[in-house]
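Here is the structure we will look at, set down as C-alpha coordinates.
The values are calculated or read from the model by the stated rules, or taken from the named source; none is laboratory data. Computed from a predicted structure; not experimentally measured. Quick reminder, even Gly has a Cβ in these numbers, built from the backbone with ideal geometry, and neighbours come from all protein chains shown. We work out accessible area using only protein heavy atoms, side chains counted, and drop any ligands, DNA or RNA first. Shrake-Rupley method; radii C 1.70, N 1.55, O 1.52, S 1.80 Å.
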Amino acid sequence: MELTEPQALALRLRSLLLTPRPGRPADVAATAEWFGAMQGQDLASLMWSLGLRLPGRSSDDLHTELEQRTVLRTWPMRGTVHLVPSRDAKWMLELMGPRVLAGAAQRRKVIGLTEETADRAEEVLRAALNGGGRLTRAQCRDTLTSAGIGVEGQQLYHLLWYASQRGTLCVAPHVGAEQSFVLLDEWAPEPHRPERDEALATIALRYFRSHGPTTRQDFAGWTGLTAADCRRGIALAGDALAAVRVGGVEMMVDATLLDAVDEAPGDDFLALPGFDEYLLGFKDRALMLDPAHKQAVIPGGNGVFQSTLVRAGRVVGTWRRTVRAKQISIEVRPLVPFGTADRARAETAFAPYGEFTGRPLAFSWS
(Lines give C-alpha, C1' and ligand atoms only; values in the text may rest on other atoms or scores of the structure.)
Protein backbone atom coordinates (compact mmCIF):
# COMPACT_ATOMS: atom_id res chain seq x y z
CA MET A 1 0.00 0.00 0.00
CA GLU A 2 1.22 3.50 -0.86
CA LEU A 3 0.51 6.15 1.78
CA THR A 4 0.73 9.89 1.47
CA GLU A 5 2.83 11.69 4.09
CA PRO A 6 -0.30 13.10 5.82
CA GLN A 7 -1.78 9.59 5.97
CA ALA A 8 1.47 8.20 7.38
CA LEU A 9 1.59 10.96 9.99
CA ALA A 10 -2.01 10.31 11.03
CA LEU A 11 -1.21 6.62 11.51
CA ARG A 12 1.98 7.43 13.42
CA LEU A 13 0.11 9.67 15.86
CA ARG A 14 -2.33 6.82 16.45
CA SER A 15 0.51 4.35 16.98
CA LEU A 16 2.15 6.70 19.48
CA LEU A 17 -1.18 6.89 21.40
CA LEU A 18 -1.38 10.64 20.78
CA THR A 19 -4.75 10.30 19.05
CA PRO A 20 -7.52 7.83 19.96
CA ARG A 21 -7.39 4.22 18.84
CA PRO A 22 -9.29 1.08 19.86
CA GLY A 23 -7.82 -1.03 22.62
CA ARG A 24 -5.48 1.66 23.96
CA PRO A 25 -3.63 0.72 27.17
CA ALA A 26 -5.43 1.47 30.41
CA ASP A 27 -2.56 1.72 32.91
CA VAL A 28 1.16 2.39 33.23
CA ALA A 29 2.23 -1.24 32.85
CA ALA A 30 0.17 -1.75 29.69
CA THR A 31 1.46 1.53 28.24
CA ALA A 32 5.08 0.53 28.83
CA GLU A 33 4.39 -2.85 27.24
CA TRP A 34 2.71 -1.17 24.26
CA PHE A 35 5.85 0.80 23.53
CA GLY A 36 8.29 -1.90 24.60
CA ALA A 37 10.33 0.85 26.24
CA MET A 38 9.71 4.56 26.87
CA GLN A 39 12.38 7.22 27.19
CA GLY A 40 12.96 7.67 30.90
CA GLN A 41 16.15 9.63 31.58
CA ASP A 42 14.18 12.69 32.70
CA LEU A 43 11.53 11.68 35.22
CA ALA A 44 9.34 14.79 34.84
CA SER A 45 9.21 14.26 31.07
CA LEU A 46 8.46 10.56 31.49
CA MET A 47 5.59 11.28 33.87
CA TRP A 48 3.96 13.68 31.41
CA SER A 49 4.55 11.21 28.55
CA LEU A 50 2.51 8.74 30.58
CA GLY A 51 -0.03 11.35 31.64
CA LEU A 52 -0.71 12.30 28.02
CA ARG A 53 -1.54 8.70 27.22
CA LEU A 54 -3.54 7.98 30.36
CA PRO A 55 -6.07 10.84 30.51
CA GLY A 56 -7.48 11.56 33.93
CA ARG A 57 -4.39 10.38 35.83
CA SER A 58 -2.61 12.92 38.01
CA SER A 59 1.11 12.96 38.68
CA ASP A 60 0.43 11.52 42.16
CA ASP A 61 -1.68 8.74 40.62
CA LEU A 62 1.20 7.73 38.38
CA HIS A 63 3.73 7.77 41.22
CA THR A 64 1.45 5.35 43.08
CA GLU A 65 1.34 3.04 40.04
CA LEU A 66 5.12 3.14 39.69
CA GLU A 67 5.44 1.77 43.24
CA GLN A 68 3.42 -1.31 42.29
CA ARG A 69 6.55 -2.86 40.72
CA THR A 70 4.92 -3.63 37.37
CA VAL A 71 7.37 -1.28 35.64
CA LEU A 72 10.91 -0.09 36.30
CA ARG A 73 13.62 2.03 34.76
CA THR A 74 16.88 0.66 33.46
CA TRP A 75 19.25 0.92 30.48
CA PRO A 76 17.86 -1.70 28.05
CA MET A 77 19.15 -0.14 24.82
CA ARG A 78 21.61 2.46 23.53
CA GLY A 79 22.94 3.06 27.05
CA THR A 80 19.89 5.25 27.75
CA VAL A 81 17.36 5.01 30.60
CA HIS A 82 13.93 3.71 29.61
CA LEU A 83 10.77 2.66 31.40
CA VAL A 84 10.03 -1.02 30.69
CA PRO A 85 7.67 -3.70 32.00
CA SER A 86 9.41 -5.24 35.02
CA ARG A 87 9.03 -8.80 33.80
CA ASP A 88 10.66 -7.88 30.47
CA ALA A 89 13.73 -6.08 31.79
CA LYS A 90 16.00 -9.14 31.91
CA TRP A 91 15.47 -10.31 28.36
CA MET A 92 15.70 -6.77 26.99
CA LEU A 93 19.05 -6.25 28.70
CA GLU A 94 20.28 -9.58 27.37
CA LEU A 95 19.04 -8.92 23.84
CA MET A 96 20.06 -5.28 23.36
CA GLY A 97 22.65 -4.64 26.06
CA PRO A 98 25.76 -6.58 24.95
CA ARG A 99 26.81 -4.13 22.21
CA VAL A 100 26.63 -1.25 24.69
CA LEU A 101 28.53 -3.18 27.37
CA ALA A 102 31.24 -3.94 24.85
CA GLY A 103 32.10 -0.24 24.71
CA ALA A 104 32.25 0.18 28.50
CA ALA A 105 35.97 -0.58 28.76
CA GLN A 106 36.90 2.45 26.69
CA ARG A 107 34.64 4.67 28.75
CA ARG A 108 36.27 3.41 31.98
CA LYS A 109 39.69 4.37 30.65
CA VAL A 110 38.48 7.92 30.11
CA ILE A 111 37.02 8.33 33.62
CA GLY A 112 39.70 6.42 35.52
CA LEU A 113 38.02 3.12 36.39
CA THR A 114 38.97 -0.50 35.82
CA GLU A 115 36.75 -3.48 35.11
CA GLU A 116 37.84 -4.98 38.43
CA THR A 117 36.61 -1.87 40.27
CA ALA A 118 33.30 -1.93 38.39
CA ASP A 119 32.79 -5.62 39.25
CA ARG A 120 33.63 -4.98 42.88
CA ALA A 121 31.23 -2.05 43.06
CA GLU A 122 28.50 -4.26 41.63
CA GLU A 123 29.05 -6.82 44.39
CA VAL A 124 29.18 -4.16 47.12
CA LEU A 125 25.85 -2.73 45.97
CA ARG A 126 24.31 -6.18 45.60
CA ALA A 127 25.22 -7.01 49.19
CA ALA A 128 23.93 -3.68 50.49
CA LEU A 129 20.57 -4.08 48.74
CA ASN A 130 20.06 -7.80 49.32
CA GLY A 131 16.88 -8.62 51.22
CA GLY A 132 14.63 -5.86 49.96
CA GLY A 133 16.96 -2.90 50.38
CA ARG A 134 16.54 0.40 48.59
CA LEU A 135 19.24 3.04 48.35
CA THR A 136 19.08 6.56 47.05
CA ARG A 137 21.81 7.71 44.71
CA ALA A 138 23.52 9.52 47.61
CA GLN A 139 23.35 6.37 49.71
CA CYS A 140 24.87 4.37 46.87
CA ARG A 141 27.69 6.89 46.79
CA ASP A 142 28.24 6.55 50.55
CA THR A 143 28.12 2.75 50.37
CA LEU A 144 30.78 2.64 47.66
CA THR A 145 32.96 5.23 49.37
CA SER A 146 32.85 3.24 52.61
CA ALA A 147 34.09 0.22 50.64
CA GLY A 148 37.04 2.25 49.37
CA ILE A 149 35.69 2.66 45.83
CA GLY A 150 36.18 6.07 44.22
CA VAL A 151 33.12 7.88 42.88
CA GLU A 152 34.52 11.11 41.50
CA GLY A 153 33.14 12.91 38.45
CA GLN A 154 31.32 10.46 36.19
CA GLN A 155 32.52 7.40 38.09
CA LEU A 156 29.40 7.00 40.24
CA TYR A 157 27.09 7.19 37.21
CA HIS A 158 29.18 4.61 35.36
CA LEU A 159 29.20 2.18 38.29
CA LEU A 160 25.42 2.42 38.74
CA TRP A 161 24.90 2.09 34.98
CA TYR A 162 27.27 -0.90 34.76
CA ALA A 163 25.55 -2.78 37.57
CA SER A 164 22.18 -2.06 36.00
CA GLN A 165 23.29 -2.91 32.47
CA ARG A 166 24.44 -6.30 33.77
CA GLY A 167 21.03 -6.94 35.29
CA THR A 168 21.92 -6.53 38.96
CA LEU A 169 20.37 -3.14 39.78
CA CYS A 170 17.43 -1.20 38.41
CA VAL A 171 16.03 2.27 39.06
CA ALA A 172 13.07 2.36 41.45
CA PRO A 173 10.76 5.38 41.88
CA HIS A 174 12.23 8.46 43.52
CA VAL A 175 12.54 8.71 47.27
CA GLY A 176 11.63 12.34 47.78
CA ALA A 177 13.43 14.16 44.98
CA GLU A 178 16.19 11.57 44.63
CA GLN A 179 16.64 8.58 42.33
CA SER A 180 16.70 5.23 44.11
CA PHE A 181 18.05 1.78 43.27
CA VAL A 182 16.95 -1.77 44.09
CA LEU A 183 17.96 -5.27 43.01
CA LEU A 184 16.32 -6.21 39.72
CA ASP A 185 15.78 -9.80 40.83
CA GLU A 186 13.85 -8.58 43.88
CA TRP A 187 11.81 -5.94 42.05
CA ALA A 188 10.90 -8.40 39.28
CA PRO A 189 11.15 -11.89 40.82
CA GLU A 190 9.29 -13.67 37.99
CA PRO A 191 10.90 -12.45 34.76
CA HIS A 192 9.75 -13.52 31.34
CA ARG A 193 12.60 -15.38 29.64
CA PRO A 194 11.81 -15.88 25.92
CA GLU A 195 14.14 -17.58 23.48
CA ARG A 196 16.13 -15.19 21.30
CA ASP A 197 13.83 -15.47 18.27
CA GLU A 198 10.75 -14.76 20.38
CA ALA A 199 12.53 -11.77 21.92
CA LEU A 200 13.41 -10.38 18.47
CA ALA A 201 9.84 -10.82 17.24
CA THR A 202 8.44 -9.20 20.38
CA ILE A 203 10.62 -6.11 20.28
CA ALA A 204 9.98 -5.67 16.54
CA LEU A 205 6.21 -5.95 17.01
CA ARG A 206 6.18 -3.53 19.93
CA TYR A 207 8.35 -0.96 18.18
CA PHE A 208 6.40 -0.82 14.93
CA ARG A 209 3.05 -1.13 16.70
CA SER A 210 3.88 1.97 18.76
CA HIS A 211 5.89 4.01 16.23
CA GLY A 212 4.84 2.91 12.76
CA PRO A 213 4.76 3.49 9.95
CA THR A 214 8.51 3.78 10.08
CA THR A 215 11.61 2.12 8.70
CA ARG A 216 13.88 -0.75 9.58
CA GLN A 217 16.67 1.80 9.95
CA ASP A 218 14.65 3.61 12.62
CA PHE A 219 14.09 0.27 14.37
CA ALA A 220 17.84 -0.39 14.32
CA GLY A 221 18.55 3.08 15.67
CA TRP A 222 16.03 2.68 18.48
CA THR A 223 17.16 -0.77 19.62
CA GLY A 224 20.86 -0.69 18.76
CA LEU A 225 20.45 -4.14 17.21
CA THR A 226 22.36 -5.19 14.11
CA ALA A 227 20.69 -4.87 10.71
CA ALA A 228 20.53 -8.67 10.50
CA ASP A 229 18.74 -8.95 13.85
CA CYS A 230 16.31 -6.22 12.82
CA ARG A 231 15.45 -7.99 9.59
CA ARG A 232 14.94 -11.26 11.47
CA GLY A 233 12.74 -9.65 14.11
CA ILE A 234 10.51 -8.11 11.45
CA ALA A 235 10.25 -11.42 9.61
CA LEU A 236 9.41 -13.29 12.82
CA ALA A 237 6.67 -10.79 13.68
CA GLY A 238 4.91 -12.13 10.59
CA ASP A 239 1.48 -10.88 9.55
CA ALA A 240 1.14 -8.68 12.62
CA LEU A 241 3.17 -6.11 10.67
CA ALA A 242 2.41 -4.80 7.20
CA ALA A 243 4.71 -3.17 4.67
CA VAL A 244 3.70 0.19 3.22
CA ARG A 245 5.46 2.81 1.13
CA VAL A 246 5.68 6.49 2.01
CA GLY A 247 7.35 8.76 -0.52
CA GLY A 248 8.87 5.72 -2.16
CA VAL A 249 10.40 4.47 1.12
CA GLU A 250 9.37 1.10 2.55
CA MET A 251 8.04 1.25 6.11
CA MET A 252 6.38 -1.18 8.50
CA VAL A 253 3.19 -0.59 10.45
CA ASP A 254 0.75 -2.42 12.72
CA ALA A 255 -1.39 -4.30 10.18
CA THR A 256 -4.63 -3.57 12.05
CA LEU A 257 -4.24 0.17 11.47
CA LEU A 258 -4.63 -0.22 7.71
CA ASP A 259 -8.33 -1.04 8.06
CA ALA A 260 -9.09 2.67 8.46
CA VAL A 261 -6.53 5.08 7.01
CA ASP A 262 -7.29 8.75 7.61
CA GLU A 263 -6.58 11.24 4.87
CA ALA A 264 -4.66 13.51 7.24
CA PRO A 265 -4.08 14.09 10.95
CA GLY A 266 -6.51 16.34 12.77
CA ASP A 267 -5.73 19.98 13.41
CA ASP A 268 -5.38 19.60 17.18
CA PHE A 269 -2.54 20.99 19.28
CA LEU A 270 -0.55 18.79 21.66
CA ALA A 271 1.86 19.89 24.40
CA LEU A 272 4.54 17.18 24.54
CA PRO A 273 7.47 16.79 26.93
CA GLY A 274 10.98 17.00 25.57
CA PHE A 275 12.03 13.38 26.04
CA ASP A 276 9.07 11.70 24.39
CA GLU A 277 8.97 8.77 22.00
CA TYR A 278 7.25 11.11 19.53
CA LEU A 279 10.68 12.43 18.48
CA LEU A 280 13.24 10.27 20.30
CA GLY A 281 11.82 7.05 18.91
CA PHE A 282 13.10 7.86 15.40
CA LYS A 283 16.35 8.62 13.63
CA ASP A 284 14.54 10.26 10.70
CA ARG A 285 12.18 12.88 12.15
CA ALA A 286 11.39 14.73 8.93
CA LEU A 287 7.74 13.64 8.99
CA MET A 288 7.18 15.54 12.25
CA LEU A 289 9.95 18.13 12.37
CA ASP A 290 11.01 20.64 9.71
CA PRO A 291 14.82 20.36 9.43
CA ALA A 292 14.97 24.16 9.72
CA HIS A 293 13.59 23.83 13.27
CA LYS A 294 15.93 21.08 14.45
CA GLN A 295 18.29 23.50 16.18
CA ALA A 296 15.45 25.00 18.19
CA VAL A 297 14.28 21.59 19.36
CA ILE A 298 17.73 20.04 19.94
CA PRO A 299 20.00 23.02 20.65
CA GLY A 300 23.58 22.21 19.76
CA GLY A 301 22.62 18.66 18.81
CA ASN A 302 23.53 17.56 22.34
CA GLY A 303 20.68 15.09 22.80
CA VAL A 304 18.68 17.36 25.11
CA PHE A 305 15.25 17.75 23.50
CA GLN A 306 13.07 20.75 24.26
CA SER A 307 9.41 20.24 25.08
CA THR A 308 7.39 20.71 21.90
CA LEU A 309 4.09 22.19 20.84
CA VAL A 310 2.67 20.08 18.04
CA ARG A 311 -0.15 20.86 15.63
CA ALA A 312 -1.56 18.23 13.27
CA GLY A 313 1.48 16.10 14.03
CA ARG A 314 4.07 18.76 13.11
CA VAL A 315 6.27 20.62 15.58
CA VAL A 316 5.22 24.28 15.55
CA GLY A 317 6.86 25.53 18.74
CA THR A 318 8.77 24.72 21.90
CA TRP A 319 7.88 25.39 25.51
CA ARG A 320 9.46 25.38 28.90
CA ARG A 321 8.02 25.39 32.39
CA THR A 322 9.01 27.16 35.59
CA VAL A 323 7.45 25.71 38.74
CA ARG A 324 6.50 28.42 41.19
CA ALA A 325 4.89 28.30 44.62
CA LYS A 326 1.30 28.69 43.41
CA GLN A 327 1.44 28.10 39.66
CA ILE A 328 3.48 26.83 36.74
CA SER A 329 4.71 29.43 34.27
CA ILE A 330 4.70 28.23 30.66
CA GLU A 331 6.83 30.07 28.11
CA VAL A 332 5.91 29.23 24.52
CA ARG A 333 8.31 29.89 21.65
CA PRO A 334 6.60 29.62 18.25
CA LEU A 335 8.51 28.24 15.27
CA VAL A 336 5.81 29.24 12.78
CA PRO A 337 3.47 32.25 12.67
CA PHE A 338 0.70 32.18 15.28
CA GLY A 339 -2.43 34.30 15.13
CA THR A 340 -4.46 35.31 18.17
CA ALA A 341 -6.88 32.42 17.69
CA ASP A 342 -3.97 29.98 17.28
CA ARG A 343 -2.47 31.13 20.58
CA ALA A 344 -5.78 30.68 22.36
CA ARG A 345 -6.17 27.15 20.98
CA ALA A 346 -2.57 26.31 21.85
CA GLU A 347 -3.03 27.46 25.45
CA THR A 348 -6.17 25.35 25.69
CA ALA A 349 -4.07 22.32 24.69
CA PHE A 350 -2.11 22.73 27.94
CA ALA A 351 -5.24 22.24 30.06
CA PRO A 352 -4.60 18.50 30.55
CA TYR A 353 -1.10 19.33 31.77
CA GLY A 354 -2.50 21.73 34.35
CA GLU A 355 -4.92 19.04 35.55
CA PHE A 356 -2.07 16.51 35.64
CA THR A 357 0.12 18.71 37.83
CA GLY A 358 -2.75 20.06 39.92
CA ARG A 359 -1.57 23.66 39.46
CA PRO A 360 -2.84 26.64 37.50
CA LEU A 361 -0.83 27.65 34.43
CA ALA A 362 0.32 31.14 33.44
CA PHE A 363 1.45 31.73 29.85
CA SER A 364 3.98 33.96 28.15
CA TRP A 365 4.96 33.99 24.47
CA SER A 366 8.36 34.87 23.07
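Listing for the model above:
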| quantity | calculated |
| --- | --- |
| Residue in region 330-344 that is most open to solvent (accessible area, probe 1.4 Å), counting only those that are in contact with a Phe, Trp or Tyr (Cβ under 8 Å, 6 or more places away or on another chain) and touching a residue at least 24 places away in the same chain (Cβ under 8 Å) | 333 |
| Count of region 74-115 residues which are out of contact with any Leu (no Cβ under 8 Å at 6 or more places or on another chain), of a type in the set (S, T, N, Q) and not in a strand (DSSP E or B) | 2 |
| Output for region 27-39, where each listed residue is farther than 19 Å from residue 201 by Cα and either without any contact (Cβ under 8 Å) to a residue 24 or more places away in the chain or part of a helix (DSSP H, G or I) (or both) | 28, 29 |
| Test: residue in region 24-34 that is touching a Gly at 6+ places or on another chain (Cβ under 9 Å) and modelled with pLDDT of 95 or more | no |
| Subset of region 28-61 that is open to solvent by 20 Å² or more (accessible area, probe 1.4 Å) and among the polar types (S, T, N, Q) - its residue that is farthest from residue 358 (Cα to Cα) | 41 |
| Members of region 212-235 found to be open to solvent by less than 10 Å² (accessible area, probe 1.4 Å) and not aromatic (Phe, Trp, Tyr), listed by number | 212, 213, 214, 218, 223, 230, 233 |
| Filtered residue count, region 240-261, keeping only those that are assigned to a loop (DSSP other than H, G, I, E, B) and loosely packed, with under 15 Cβ neighbours inside 10 Å | 3 |
| Pair list, Cβ < 6 Å and 6+ apart or interchain, from region 345-366 residues that are more than 12 Å from residue 328 (Cα to Cα) to residues that are surrounded by fewer than 16 Cβ atoms within 10 Å (Cβ to Cβ) and among the aromatic types (Phe, Trp, Tyr) | 347/363 |
| Meets criteria (surrounded by fewer than 16 Cβ atoms within 10 Å (Cβ to Cβ), more than 26 Å from residue 63 (Cα to Cα) and modelled with pLDDT under 95) for residue 150 | yes |
| Out of 133, 23, sole residue that is in a loop (DSSP other than H, G, I, E, B), free of Cβ contacts under 8 Å to residues at least 60 places away in the same chain and open to solvent by less than 30 Å² (accessible area, probe 1.4 Å) | 133 |
| Residue satisfying all of: in region 280-293; assigned to a helix (DSSP H, G or I) and surrounded by 15 or more Cβ atoms within 10 Å (Cβ to Cβ); farthest from the chain's Cα centre (by Cα) among these | 293 |
| Which numbered condition residue 190 misses (of (1) in contact (Cβ under 8 Å) with a residue 60 or more places away in the chain; (2) within 17 Å of residue 74 (Cβ to Cβ); (3) in contact with a helix residue (DSSP H, G or I) (Cβ under 8 Å, 6 or more places away or on another chain); (4) not in a loop (DSSP other than H, G, I, E, B)) | (4) |
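Here is a yes/no grid of residues against (1) open to solvent by 30 Å² or more (accessible area, probe 1.4 Å); (2) assigned to a loop (DSSP other than H, G, I, E, B):
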residue: 182; (1), (2): no, no
residue: 194; (1), (2): no, yes
residue: 197; (1), (2): yes, no
residue: 200; (1), (2): no, no
residue: 210; (1), (2): no, no
residue: 237; (1), (2): no, no
